[in-house]
Amino acid sequence: MDERFAELKRLYRRLREMGGPELADRLRQQANARLDSLRYKIGIGFEPHALRDLSPPSQPNFFFSPTDVPHLCSRLRERFPTETDEIVHRAERICQGRFDLLGYRNLDFGQEIDWHFDPVHGKRISRKPFFQIPYLDFDEVGDSKIIWELNRHQHFVMLAKAYRITGDDKFVNELRHQWIRWHEENPYPIGINWASSLEVAFRSLSWLWMYFLIADSAAEPARFRQDLWSKLAVSARHIERYLSTYFSPNTHLVGEGTALFFIGTLCPELRRAERWQRRGWEILQQESDRQVRSDGFHFEQSTYYHVYAVDFFLHAAVLAAQNGIAIPLKFDRTLQRMLESLSILGRRGPVPNLGDDDGGRLFDPQRNRSVDLLDPLSAGAVLFSRGDFKSAAGGLREETLWLLGDAGVTEFDQLPTNPPEHNSAAFQASGLYVMTDEVSQLVIDAGPQGADTAGHGHADALSIVANRSGGPLLIDPGTFEYVGTAGDRNRFRGTGFHNTLVVDGCDQAEPNKAFSWTALPKVSAEGWITGENFDLFVGSHDGYTRLPDPVVHRRFVFSRKSRFWLVRDLALGRRQHRLELSWHISPGLSPVDGKNAMFSGEGRALSVLTPENHGWSQDISSEDWSPAYRQKEKCWVLRFSTEAKLPVEFVTLLLPEAKIDSGEQTFVRVESPAGDKSTCGYCFKTAGEEHSFVFGQGKPWMLRKWKSDAEFLYCASGQDKGHRILACCNVSHVEAGGRTILSSKRPVLRCEIVSIGGTVRVVSSDPDVVVDKEAFRGIAVGEDAKPVDYSPQSR
């Protein structure tokens, strides 16, 4: 009784939240669904009785014409021999009822496919009107994504391609058999395969690809076009009536708009074609403006969903161009910005797996790993004549051949390759900060958790991922699942599965349903400074201020370009709390030395160094990560933890490619002799080098030989005593050993002083800053720094 009352209260609150248009749309959809069910029961069909007779000039263009297919297949084998063999191999297994879906390999559906069955969890779905099926109820349905992935019919495209590559009739015979059986077992509007308009959209797009691959060949059955067009009419009608305008106004709506546009453009014989084309094109324009932030990143805060949206917009733009449909300049620019952001995120290795990983793709569902997310850049390079996109893509993709034809491949080959830039980048609207140098890249997530209730976002505020030399060092462990009973959905999207700080074992937000959160944190990027030799990020979030004793997590990330990253975490509060900091190591790396936390493998290495006497416990364990939806593997996780009275700070030095030798390297905390708790410093020494870091708070401080008001100061000297760097931020004066090195009448955001071979160079954000180069040359080096015990027990 209490549960029933609570559910009624939730329903009442939800109804109050709805505006008039949303309530009207939902009521209309519910009424239409019941009318469609009644229409089915009394035997009134949904397919049009006849198609319009149009003259040849009105016939539209797909990405390729049927007459192009033999040549494209020849080019496919020439340019992609391995992929061509894989297409045929996969088609062979499809004929045996075996499928690769999401993260699963070789799922056995048998010779007669049950289109309503989840073979992984042994769940068979009852065949009732689609609106009566609770497809997110795992106990009743299992994982609906597994069922839907098969029913997207993207394997129909694989069978059609295998037929055109080999000429073997068995592939097209299997295609015909499955086509007939599916329609016999999925009459509209019965069954789970009509429950999601996005899934209907995916299936419709697969049918169109299938048709244009086999059209005008000996494999095309008599009157197949009319049969297919009639069934596409039913699908388009369903999509239009049940658009995800309020249910999932994200990539669901974009995919549905894409399908309406394709059906309306390619099937002019259908009576509502012009309306569907116009409505689909309007949705794509509206949603590209609404869902894509000003910096070019998708508002779901998920790299996977970003690429999903790019794929939809890209395919629609190419089809529009093929049919002489004007592409608005704003849409064109949005698409290019989305490709630019993707290319930046993938400059030094796989695109980081931020947010949810859906597991599907528009062109080839098997290209669903993070290393495949750069695929759209291949076609984007041709469309926008961007050599940097070509470089980031790493090579031509099969998708480009089918979308842009032989001419597109030739243009890709002739396009000059522009190496990726080394400059760091900030996606301020999305809160992604990218520290880049010649070989490495680190990404900080300091943006909103996601759109609305952050349905596809993770509780990963201030989390970090990093690549070097084309491969990952620190990873985001992925998503694994959307529904289940073991709690993996919340584990994988929770804070503990990300490279950030956990307080009292809580997530930064409160997980609600499978696709929503409550108590979303406010994440602030407080500072972003990028220079020639360094980058500095400062940010915080208030996700833990909901605790009885509010806690704010503040994180500093300093990049000494091409050398290392230093991460300083502050937990600001007043009482005792349990703190836990995790670093999820790339699965390609294995521990070399547990004490010094060194990891290596696949030609890369990462050492994690912490100051002496820090007092936190340290643990290395093998834990879960997910390279693709429903696939679970193991990676190493390095974790530091403590229970202490706040405020507390912890500093981590991340050294890519470096091996730690405890006999030659030291990393210590340096305290202010005046007992100034607002200022702290760290000193890292190795093989004749010394690196000093000082964190102030915008007021005068003294530490070791330094006297300044800099909010951050870094100084490094190399084996050659004449080679040193001083970098400082938000500073008006710096002294060393009693000599003034830098002075300014007003605070300077950034100043770098570099001495090489006795030549001193100054790079500053303020040209009026005064630097005494002789004083800088004369800085004493090699000052000893003794370890400080700053464990919680010592304070």
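Remarks
- Solvent-accessible surface of region 541-664, taken per residue with a 1.4 Å probe and all protein chains present: 38 Å².
- Residue (of GLN414, SER385, GLY447) at the positive-pole extreme of region 357-495, dipole from beta-carbon charges: GLY447
- In summary, the convex hull built on the alpha carbon positions of region 386-430 has an orientation-averaged projected area of 4.3 nm².
- Over the chain, Cα pairs under 8 Å with separation of 6+ residues give a relative contact order of 7 percent.
- Average silhouette area of region 500-651, convex hull of alpha-carbon atoms, in square nanometres: 10.9
- Surface accessible to a 1.4 Å probe, ASP507 within the full protein complex, Å²: 40
- Measuring how big region 70-209 is from its alpha-carbon positions, Rg and Dmax come out at 15.8, 49 Å.
- Within the full protein context, the accessible area of LEU570 is estimated at about 20 Å² for a probe radius of 1.4 Å.
- Where region 164-279 is the region considered: accessible area per residue in Å², 1.4 Å probe: 30
- Debye, to nearest 20: dipole size of the chain, +1 on Lys, Arg Cβ, -1 on Asp, Glu Cβ: 1400
- Anisotropy class of region 612-742 from Cα gyration tensor, a/c 1.5 cut: prolate
- Accessible surface of the chain [probe 1.4 Å, protein heavy atoms]: carbon and sulfur percent: 50
- Residue-normalised accessible area of region 429-492, given per residue in Å² at a 1.4 Å probe: 21
- Farthest toward positive dipole pole in the chain [+1 Lys/Arg, -1 Asp/Glu at C-beta], among TYR163, ILE44, GLY615: ILE44
- Label point distance in nm, GLU532-SER562, each placed 7 Å from Cα along Cα→Cβ: 1.2
- Our helix-only sum for the chain, with -39,500 (n - 2.57) per DSSP H run of n ≥ 4 divided by its residues, gives a mean residue ellipticity at 222 nm of -10500 deg cm²/dmol.
- Among the listed pairs LYS145/LYS522; LYS707/LYS773; LYS707/LYS745, those beyond 22 Å (Cα-Cα): LYS145/LYS522
- A viscosity of 0.692 mPa s and a temperature of 37 °C, combined with the Kirkwood radius over C-alpha pairs in the Stokes-Einstein formula, give the chain a diffusion coefficient of 114 µm²/s.
- Estimated from the Cβ-Cβ distance and a Förster radius of 51 angstrom, the FRET efficiency linking GLN132 and ARG77 is about 0.60.
- Surface accessible to a 1.4 Å probe, SER370 within the full protein complex, Å²: 40
- Among 319-325, 498-504, 480-486, the order from most to least packed when residues are scored by Cβ within 10 Å on average: 498-504, 480-486, 319-325
- With Cα atoms as the point set, the radius of gyration and Dmax of region 404-451 evaluate to 16.5, 42 Å.
The values are calculated or read from the model by the stated rules, or taken from the named source; none is laboratory data. Here the structure is a predicted model, which is why all the values come from computation and not from measurement. Backbone-built Cβ (ideal geometry, glycine too); neighbour counts: all protein chains shown. Each accessible area value is taken on the protein alone, full model and side chains, heavy atoms only, with ligands, DNA and RNA left out. Shrake-Rupley method; radii C 1.70, N 1.55, O 1.52, S 1.80 Å.
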